[in-house]
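Comments concern the structure below.
The values are calculated or read from the model by the stated rules, or taken from the named source; none is laboratory data. A quick note: this is a predicted structure, and the numbers were derived from the prediction, not measured. Note that each Cβ is placed from the backbone with ideal geometry, even for glycine, and that neighbours are counted across all protein chains shown. Calculation scope for accessible area: heavy atoms of the full protein, side chains included, ligands and nucleic acids excluded. Shrake-Rupley method; radii C 1.70, N 1.55, O 1.52, S 1.80 Å.
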Amino acid sequence: MTQTTQFKGRCMCGAVSFEGESPKEPVRTCHCKQCRRWASGPVDAYSVPVDTLNFTAGEDKVKYFVSSEYARRGFCADCGSNLFWHGDRHPEFKHRVAIAVGALERPTGLVAGNHIFCESKGDYYEIEGNRPKFAHED
Ligand SMILES: [Zn+2]
Ligand SMILES: [Zn+2]
């Protein structure tokens, strides 16, 4: 039986809120160039199937920035909080959406997993600890 977890989150101002239940996945920490510029550092993201993400408020407040040829990044139009990464035009990724874990209410029940895009990380810190590290994707 797949373990599931309940998630519940919102942007900083509260205009956008969402919840759902999804199969439990480790949190991935992305060190890519885009996340650095987007969030001033690595982004912790939790991937869920698109159809498990239910908006409880402000779905129309989510603004999407097309960030690559296959992906978009969603943020709150009012407060600017980073909320989602969605590979909406990618054949494999389009069925899942990565939620910025910082938006989730605690306790999240989640655990930290892989570091990805380590090759693009900021040059002012080291990635320490035993979590698996990948130069690009895992
Ligand atoms: Zn907001
Ligand atoms: Zn990234």
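Database remark: amide H of V97 closer than 5 angstrom to the amide H of V48, V50 (H placed geometrically; neighbours at sequence offset of 5 or more, or on other chains; Pro and chain starts carry no H). Per residue, the chain exposes 60 Å² of accessible surface when a 1.4 Å probe is rolled over the protein heavy atoms with every protein chain present. Normalising the average separation of contacting C-alpha pairs (under 8 angstrom, six or more residues apart) by the number of residues puts the relative contact order of the chain at 27 percent.
3J(HN,Hα) along the stretch 23-39, derived from phi through the Karplus expression 6.51 cos²θ - 1.76 cosθ + 1.60 where θ = phi - 60°, amounts to x, 5, 10, x, 6, 9, 9, 9, 10, 5, 4, 5, 5, 4, 6, 5, 10 Hz, with x in place of Gly and Pro.
The share of accessible area on the stretch 4-120 that comes from carbon and sulfur is 49 percent, using a 1.4 angstrom probe.
Residues of the stretch 12-28 with amide nitrogen under 16 Å from the 7 Å Cα-to-Cβ point of F55? Counting only backbone N, you get 12-20.
When +1 charges are put on Lys and Arg Cβ atoms and -1 charges on Asp and Glu Cβ atoms, the dipole computed for the chain relative to its Cα centre reaches about 200 debye. Working note: 222 nm ellipticity from helices only, DSSP H runs with n ≥ 4, each -39,500 (n - 2.57), summed and divided by the residues of the chain, gives -1500 deg cm²/dmol to the nearest 500.
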